[in-house]
Amino acid sequence: MTTEQVDPASRQRPRFSRPLPGPAVLLSAALLALLLVAAVHPALLAAGSPTDTDPLQALQAPDAAHLFGTDQLGRDVFTRVVHGARYSLSIGAAATAAGLVIALVWGLVAALSGRFGDAVLMRAADALLALPALLLALLVVLITGKGVSGATIAVAVGIAPGFARVVRAQAMVVRRSGYVESAIGLGVRRPLIVLRHVLPNTVGPLLVLGTITLGASISTGAALSYLGLGAQPPTPEWGAMLTEGQGFLHQAWWIALFPGLMLVCTVVAVTVVGRHAQARSEGRYAS
Amino acid sequence: MGAVRLVAVRLVSAALVVWAAATCAFLVLQLIPGDPVYAIVGSDALVSEEQHEAIRQQYGLDEPLIVQYLAYLGRLATGRFGDSYQLQQPVATVLADQLWPTVQLALGATLLAPLLAVLVTVATSGRANWPRRVSAVVELVVVSTPSFWLGIMLLTIFSFRLGWLPVAETGDFASLILPTITLALPIAAVLTQVLREGLLGALEQPFVITARARGLPEPAVRYRHALRHAALPALTLAGWFTGTLLGGTVIVENVFARSGIGRVTLQAVGDRDLPVVQGVVALSAVVFVAASALVDVLYAVVDPRLRKRTGVQAA
Amino acid sequence: MTEQPLLDVDGLHVRFGAGATQVHAVRAASLRLYAGRCLALVGESGSGKSALARSLLGLAGPTASVTADRLRVAGQDALRFGPRDWRRIRGRHIGLVAQDALVALDPLRPIGTEITESLLAHRTVPRSQAADAVVGLLTRVGVPEPEERARQYVHQLSGGLRQRALIASAIAAGPGTLIADEPTTALDAAVQARVLDLLAELKEQGTGLLLISHDLAVVEALADEVAVMRAGVIVESGPTERVLDDPRHDYTRELLAAVPGSRPRPARAAPPAPGEDLPLLSVTGAVKHFAGGRGARRTAVAGVDFTLRAGETLGLVGESGSGKTTLARMVLGLVRPDEGTVLLDGLPWSGAPERARRARRRTIQLIPQDPLSAFDPRWPVSRVIGEALAATGVPRRDRLGHTVRLLERVGLAPDLLDRRPAALSGGQRQRVAIARALAPEPRLLVCDEPVSALDVSVQAQVLALLRRLQNELRLATLFISHDLAVVREVCDRVLVMKDGRVVESGPVEDVFAGPAHPYTRSLLDAVPKRARRISREPAQERL
């Protein structure tokens, strides 16, 4: 037997090696870690109370005592921003996770049930996709009522139909793939094929997508709170803080600036880390 | 297949999407807890048994669900949605009154966003790497910026600090500038990302090598060949584009205290004014369907492969 | 009188990237091309032949650095060229014909526009006369109804016409030199021959042709001189006849030996005589339709009968779209025929319920064309083969030993066990696919174009492996290929398919010696001369 000659395809192997995290990724990861601390144990970063009012200290510009200034009720904006991390992060994370789970069930059932079930489930997704995600979220808030949990469910429902389509498309690709056909050809039972091949190869790319969507979910959750449908004042949620601060823009720009800035930084950090995760997994899941 | 039949098929599928969306909305609204009568008269109003019954009859709430559904579909088909619970006017009138400001806003953003995206893509797609890098960072930040905060910041800078532009709606062009930018910027950033990705992808295609091998100057290669290919992936975002635009008007109209459909929608959700909500749902579904049809036409203009397949000849 | 060469290259180096990751794609290459001559650059993918050709157009890419002792293009010193000079040369003095016109011409523009672009780029023709010039060019390359074709898009043309249009766009501005980079690789065999004729015609008319190919048959048909490249180095060059008949470098010999059909047909265990025992597989009247676009129905397989016995290899030949693959999927039990029956071991196979088929499935295994997509991307080799062993009831503790033995059998070392499919070479992947197919101890192998994705030298190794396994295990094999030379090498009998029907069948030697159907003849005509010559006089030649 002649020895195997490594053909040129293997020279491209570096393409599949995982990219190292650059400074942007490290910085983002550090920020996310800090936010996580703020969410779990805000007192570590800001000792004061986020809701204690002090009319004498109202609308103070940022200085050494009040790093981000104070709002119209004299609450320390920095403290509120730190304590707010909990709400924004949890709405975004819970909504993304719930949306992924709904979509996974929805898309997999569509891909694996017959032509009729597939048609019904996917047309339903199409119908919901015909509505703007925000409008869909508003409809859900009508049912659940205002509040943090309502907003979370609303965001989850808003992202589910789009994800369901992705899950179904990916599951169809996997279903028709050579390895599933090979498993059929070996006489492997269907449930086992679903469990071994279809599910993991569908979940993998979905998780990556989820990481990237997390940023958008945080943003949408804050938008609902801003519109008065999510977290209610005096909860120091970033979106809700903007609503409260909006009336004082001409006197006190800092009330609106810092919560929003935190929001932007959070979403950027999540996206950067998410893209990095995507790049890392590309070699594995690219067709 | 004849053109007439093609159009017919499209119309039927469009009607199906609108019907399905409206049905979803109907079902969703049935899940709303509480008695709709209180949504009509206000939650703390005292109503007698007879008044309660009269209101239920007036709005058809005493009928069985299926009858309510059919009546709803009938109203949908004729473009009437009944009367608003809160505003005591027909929903169609409410929506028609508020349509124009929203159309202005949406149209402005629809023009501005792709224009910005193409300009930035072209300006940063040269041989040098650094404009692309800078632009990519800016895009990332803009995409990550929630539109309400973007609006608030623009207001703070240009209206409160600099005093260049009006704070609230004045009806003239100046008061449209900031809302349009707020709506368009995040969309433009996403479009730029997709366009640039598409352009760089297209530049790696074999036909680009062929074009260069003809001795074609680089700008001709980029803009005559590659840019058109880059537009294709951007067009697939049409559904997202419409949705973001419509959702965005809800937020932008609230930030800038503008009148419009978005404002009405939010109010209706807050007041549980169901006929108005149903009207808005139907309206967005129609807009979505119309936008998809438009995009299909654009697709065919850009990509001849999607035109009706004719004349495939064998050698 | 010494004629001046169109291309004159000495000591050319092409490097991609910089630092540790730098790839030295071309090393000290030298070549000369004269008008009316054809020089072929031969080598396998990754040998640097395309990088060399691109650098002659100044199109090696932004990451490439090109250095040379001498680089003269169209009589000018290209080492001093700036972008503007290159643009002036490209298209006007040196044209490019790429591999696949479907992607090498802009799919969004009519071919007439593409050709016009070449004309106007150098202002060789005034705009007002461009349309006439396009028609003239299309006529010259043998495109019928040129006015109408000029308005069509690439996707509306057949493969042959497309490639002609691409050639027309390359010669539009009248370049004296044409670089043809695998110009016929994407074409079906019969069309390939006609496009080669066109290129030969251009050469007759005085164009200097730099032909890049991995296919020695194409080279033989067209080239006056050959340069063999390996790993960036031209290892051998000379007149075509001399290089092909009397190769001096080992690598050239290796390449020549790897050409399908260049080896003598190996002695094979005699295939069982008909009627000796029950056929392992019998297909009767198989028909399969698919729903086409807009309610249309496409018939993929239109009534096919054949039988296959243990130890026998049946070749299934036809061009793409002839229904070969659908037939194979029927045999594998992945597609249910609309009409007709498939019997396995004399028992119903195609119509049987999955519950009944499951245990029998191990009897038939597939070796796919593209093994990369046939492996779960998350799974290492050990698990891929482990799944096949598990499905056939090998207890967990025995699987590792089994797997190692299987890998040995297909010529792979056990250190690949932990590799994922993406980290294997093409040849290794195909061997793993074969090992997986052998794991359940099948009696019938379906090979669907098993080597068409591989480089010729790897191809030869994999074919040798398949042949050995067939003989050792007395496997029945259904061997699908568009490549007659390959089929001839491994098969006992052959079925020729066209448009879903079998147009000719019989023992391989008979079909090759005296094809009865005109379609078979046209397929055979497209087989390279050398391979045909060798197949007629086996054993002795060159060995």
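Overview of values
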item	result
Prolate/oblate/rounded call for chain A, Cα gyration tensor, a/c under 1.5 rounded	oblate
Modelled label reach - B:V103, point 7 Å along Cα→Cβ, the stretch B:270-286 residues with backbone N closer than 19 Å	B:279-286
Student exercise, the stretch C:1-121 dipole from Lys, Arg, Asp, Glu Cβ charges, in Debye to nearest 20	260
Between the stretch B:174-245 and the stretch C:163-196, the alpha-carbon center distance in angstrom	32
Once the Cα gyration tensor of the stretch C:13-88 is diagonalised, semi-axes √(5λ) in Å	21, 17, 10
Projected-area average for the stretch B:128-186 over all orientations - Cα convex hull basis, square nanometres	4.8
Dipole of chain B, positive end: most advanced residue of B:Y59, B:L203, B:A300 [Cβ charges, Cα centre]	B:L203
Segment B:S13-B:V67, extension gain: residue separation times 0.36 nm, minus the distance between their alpha carbons	17.0 nm
Relative contact order computed over chain B (Cα-Cα under 8 Å; 6+ residues apart), in percent	24
The stretch A:160-221: relative contact order as a whole-number percent, Cα under 8 Å and 6+ apart	37
Of every Cα-Cα pair in the stretch A:147-215, the percent that sits beyond 20 Å	42
Exposed-site-free run, longest, chain C (rule: GluC sites (Glu not before Pro); DSSP loop; at most 15 other C-beta within 10 Å)	C:4-275
Average beta-carbon neighbours from other chains, 10 Å sphere, peptide A:218-226	4
Cα Rg, Dmax (largest Cα-Cα span) when computed across the stretch B:92-310, Å	20.0, 66
Mean Kyte hydropathy of -1.0 or more with a Cα span along the axis of at least 24 Å, helices from DSSP in chain B	B:3-30, B:91-124, B:174-203, B:238-255, B:274-302
Considering only the protein assembly as shown, percent of DSSP beta bridges that pair antiparallel, nearest 5	55
For the stretch C:457-491 and the stretch A:82-118, distance of Cα centres in Å	49
C:R248-B:T236 pseudo-label distance in nm [points 7 Å out on the Cα-to-Cβ vector]	5.4
Gyration tensor (alpha-carbon) shape descriptor, chain C, a/c threshold 1.5	prolate
Cα extents of the stretch A:101-158 along the three principal axes, largest first (Å)	39, 21, 14
Shape call, the stretch B:22-151: gyration tensor on alpha carbons, a/c limit 1.5	prolate
Percentage relative contact order, chain A, counting C-alpha pairs under 8 Å, at least six apart	25
Paired Rg and Dmax values of the protein assembly as shown, which use every Cα atom, in angstrom	34.5, 117
Semi-axes of the equivalent ellipsoid for the stretch B:148-261, Cα gyration tensor, largest first, Å	39, 16, 10
Full-extension gain in nm, B:V47 to B:T170, via 0.36 nm per residue minus C-alpha separation	40.2 nm
Axial C-alpha extent at least 24 Å, average Kyte-Doolittle at least 1.6 - helices from chain A (DSSP)	A:23-40
Dimensionless Rg ratio for the stretch B:2-77, taking C-alpha atoms and the 2.2 N^0.38 Å reference	1.56
Given charges at Cβ of Lys, Arg, Asp, Glu: chain A dipole, positive-most of A:L139, A:S182, A:F116	A:S182
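Since every read-out is calculated from the coordinates, none of them should be taken as a lab result. These figures come from a predicted structure and were not determined experimentally. So basically every Cβ, Gly included, is an ideal-geometry build from the backbone, and we count neighbours across all protein chains shown.
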